Structure formats: structure tokens, C-alpha cells
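A quick write-up on the structure given underneath.
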């Protein structure tokens, strides 16, 4: 009997030991589950905090990028005046080039980068400097004379001399330069390498038959040329826009290398300006609108879009992906804004159009910003047509552009070329 009781007590003790182990295990599992839930809640809380912080930062950045600028400050100013404080030349012009400006005078040209540093200086003597820029290259000719200088961002690559007076030049992004020359009976398009050597390419147009050459433009790769010719027939002005191909493809088109011509589209109008935006998009600006061309098919350029404009085109500017014009405002009789600013894509699609009243002297498109300005006042638009800044920046403005570099939501840096100086200002 005693043995049975001892055995029962042993079994009971074993059961209690097992139950205690199970209880401890259950408690450990419950504690681990609670820890998991706490860690999960903590991770969720951290995630929510991060999302809220990032959302606030993004919202703040978007606001700062979209907000209008209300003031400005000067970053630096470099003066180009002489010892007596007078400008070095009686003629001074700025062109957007590289990440800074090309300063052009009758005595020479200077490339100044975005930090205000002079990279190179090319001296010459010209009565009427005529500038053409494409990509990393620029060319300057003495209009009405015979000298051409060809430069890139590192310095002068060549100098050319023509045998007839120069009317227009157009440089390619490769440095190849086309010059429009003329005498009393004909015009000639001659081509020079970036080193200034004459290439074995020449196009002759007889004034009595082909018309008077109004403008020329070469494609960035240097192989295509667009030209506008005007003539009078039966007392009516006639205009034709001609495309040439100067590569091996153009050789199959005949000695004149013409691969396309458009006449009826410009009947009774004058195309005073032609331009190549890239190797496959070109435009002709005429008194009646803008013709947008596609040269994707090298042997057959086509008129892809024709935008008719009743108002007078007063000013034109170009960028890599945009075309900008300023016209009279057709609603000016009922509006205080006498001008209309319109920006197009290269296919002719309108990006935005907005009226304004600033009595401007120039405007440019640079890095998705449109700058309209006169000597004392600047207006800045983004590509939605929103006016981002309008006001005085306390300097004389000859040329304005957006400074290259990382976009800062706290402000926008501009480069200003002015009489005898270049400076950097921050809109904020």
C-alpha cells in the first residue's frame, strides 16, 4: 500500500513538473509574442514618422520650387571696365554659350564661365561682328567683310578668310561653318572646317533666277542646311525654303544637293528666319506664322506642322527643346497687356501662351525657364506659364540666363551680363 502511494506521489510530482515546464514555455511564448507586437508597433510608428517627415519635406520642396520669388541677393560681380571705370569697348554684346556667356566686342571675344572666370580671349578687329553658336562651338564673322573666327569652349580652333563679303554664317555643333557670300549677280554658300580650311563644297544661287538669300542655318551635325530665298514675281513677293544635304546622301541629289523645297506654303510671305533645333527638327519663321519641319528622312524633309499667326512676330528665341516667340497681343485693346509670349515644342505643339506688359528688350529660354527683360526689370516664367518673378534686380541687364548646377529649392541662381560687368544673383 505504501509503495502504491509513493508511486502516485511520484507521478503527481512528474505531472506538476511537466505542467510547470509547459506553463513556463507558454509564458515565454506569450512574452515573445508581446515583444513581436511591440516591435511591430514600433516599426510601424517609425515608418509613419518617416513617411510624414518625407511627405513634409517633399511638400515643402514642391512649394519652394513652385512658389514665386519675391526678392534677390547678389552672389558676386566681376567688372570688365578699365582703370578709369569706363567700359573697354563702345560696343558690347553677350551671347549664351557653354555654361556662361560669350562677350563680343569690336575688338575681340571672351568666353566667361558660370563662375565669372575668363576661359579664353580672342582678339580681332571687326566693324560688325556677326555671331553663330551651336553646342560647344561658336563662329564670329565680320559682316560685310571677309574674316571668320571659329572657337569652342577651350579656345580658337581656326580662322577662315573668304573671297567675297560675308552676309550670314551658321556654325554646326562640330565646328563646321557655313558662310553665305554674295556679289552683284549671285550668292554663294561656302563651307569651312573647324580649323578654318575651305572644304570642297559650294552652292551657287543666281539672284535673277533663284532669288535673294534671306537666311541660312546648318544642322548640329553639320550635314544639313536650310535656306530661305525671296523674290518678286508679278509684283508679289515669293519665298521658298530649300533643304540641302551636304553628306554623301546629298551627292545623289545632284550638284546643288537639294533634297527638299517648299514654295507654295510661303506664297505672298517672307520667311526671314530659319533654324535647326536638332538634326531632325527645323523651323522657318515668316510673316504669318511658323513652319515646323521634320528631316528624319534625310532625302525628303517634310512640313510637319504649320502654325498660323495673325499678329506680328516681334522676337524669337530658341532652346534645345523649345521655340519661343513674342507677338502683339490681339486682345490688347481690351487688356493692359500689349504683348503675348508663346512657347512651342519642336513638333509645333503649344506649351503655354501668356500675355504680359513689360516693355522688353530681349528674352531667352534656358533650362526650362523663360526670361523676359529690359535694362532694369526681369520677368521669369516656368514651363507651365507661371510668372515666378517680376521685378528689378538692381543691375543693368544686357543678357540673362539660368546658372548651371543643381537646382536649389531655396532659390534660383541667374547669370547677368551687363555693361562692363558680369554678375550672379539669386532669386529667393
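The values are calculated or read from the model by the stated rules, or taken from the named source; none is laboratory data. Small disclaimer: the values here were computed from a predicted structure and weren't measured. As a convention, Cβ positions derive from the backbone with ideal geometry for all residues, glycine included, and neighbour counts pool all protein chains shown.
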Test for residue 273: is it touching a strand residue (DSSP E or B) at 6+ places or on another chain (Cβ under 9 Å), surrounded by 15 or more Cβ atoms within 10 Å (Cβ to Cβ) and modelled with pLDDT under 95: no
Residue 325, sole failed condition from (1) at pLDDT below 95; (2) surrounded by 18 or more Cβ atoms within 10 Å (Cβ to Cβ); (3) within 24 Å of residue 366 (Cα to Cα): (1)
Criterion: farther than 22 Å from residue 153 by Cβ, touching a strand residue (DSSP E or B) at 6+ places or on another chain (Cβ under 6 Å) and modelled with pLDDT of 75 or more - qualifying residue of 134, 79: 79
Residue tally, condition under 18 Å from the mean Cα position of the chain (by Cα) and assigned to a strand (DSSP E or B), over the stretch 277-318: 10
Tabulated pairs, the stretch 370-395, first at positive phi and part of a loop (DSSP other than H, G, I, E, B), second surrounded by fewer than 15 Cβ atoms within 10 Å (Cβ to Cβ) and modelled with pLDDT of 95 or more, C-beta under 9 angstrom, 6+ apart or interchain: 385/353
Residue within the stretch 256-263 that is buried (at least 16 other Cβ atoms within 10 Å of the Cβ), over 28 Å from the mean Cα position of the chain (by Cα), part of a loop (DSSP other than H, G, I, E, B) and on the phi < 0 side of the Ramachandran plot present: no
Enumeration of residues in the stretch 388-415 that are surrounded by fewer than 16 Cβ atoms within 10 Å (Cβ to Cβ) and either over 18 Å from the mean Cα position of the chain (by Cα) or at pLDDT 95 or above (or both): 391, 392, 394, 396, 408, 409, 410
The stretch 194-213 - residue that is modelled with pLDDT of 95 or more and over 18 Å from residue 257 (Cβ atoms) and, of those, surrounded by the fewest Cβ atoms within 10 Å (Cβ to Cβ): 197
Hits in the stretch 166-197 (condition: farther than 13 Å from residue 122 by Cβ and not in a strand (DSSP E or B)): 172, 173, 174, 175, 176, 183, 184, 185, 193, 194, 195, 197
When residues of the stretch 356-369 are limited to those that are at pLDDT 95 or above, in a loop (DSSP other than H, G, I, E, B) and touching a strand residue (DSSP E or B) at 6+ places or on another chain (Cβ under 6 Å), the one surrounded by the most Cβ atoms within 10 Å (Cβ to Cβ): 360
Residue within the stretch 396-409 that is touching a residue at least 60 places away in the same chain (Cβ under 8 Å) and part of a strand (DSSP E or B) present: yes
Residue ID - modelled with the highest pLDDT, chosen from residues in the stretch 416-425 that are surrounded by fewer than 21 Cβ atoms within 10 Å (Cβ to Cβ) and either within 20 Å of the chain's Cα centre (by Cα) or part of a loop (DSSP other than H, G, I, E, B) (or both): 424
Any hit, the stretch 166-182, residues being touching a residue at least 12 places away in the same chain (Cβ under 8 Å) and surrounded by fewer than 16 Cβ atoms within 10 Å (Cβ to Cβ): no
Criterion: at pLDDT below 95 and over 25 Å from residue 401 (Cβ atoms) - qualifying residue of 310, 302: 310
Of all residues making up the stretch 153-165, the number that are surrounded by fewer than 20 Cβ atoms within 10 Å (Cβ to Cβ) and either in contact (Cβ under 8 Å) with a residue 40 or more places away in the chain or assigned to a strand (DSSP E or B) (or both): 7
For residue 221: the one exception among (1) under 18 Å from residue 289 (Cα atoms); (2) in a loop (DSSP other than H, G, I, E, B); (3) modelled with pLDDT of 95 or more: (1)
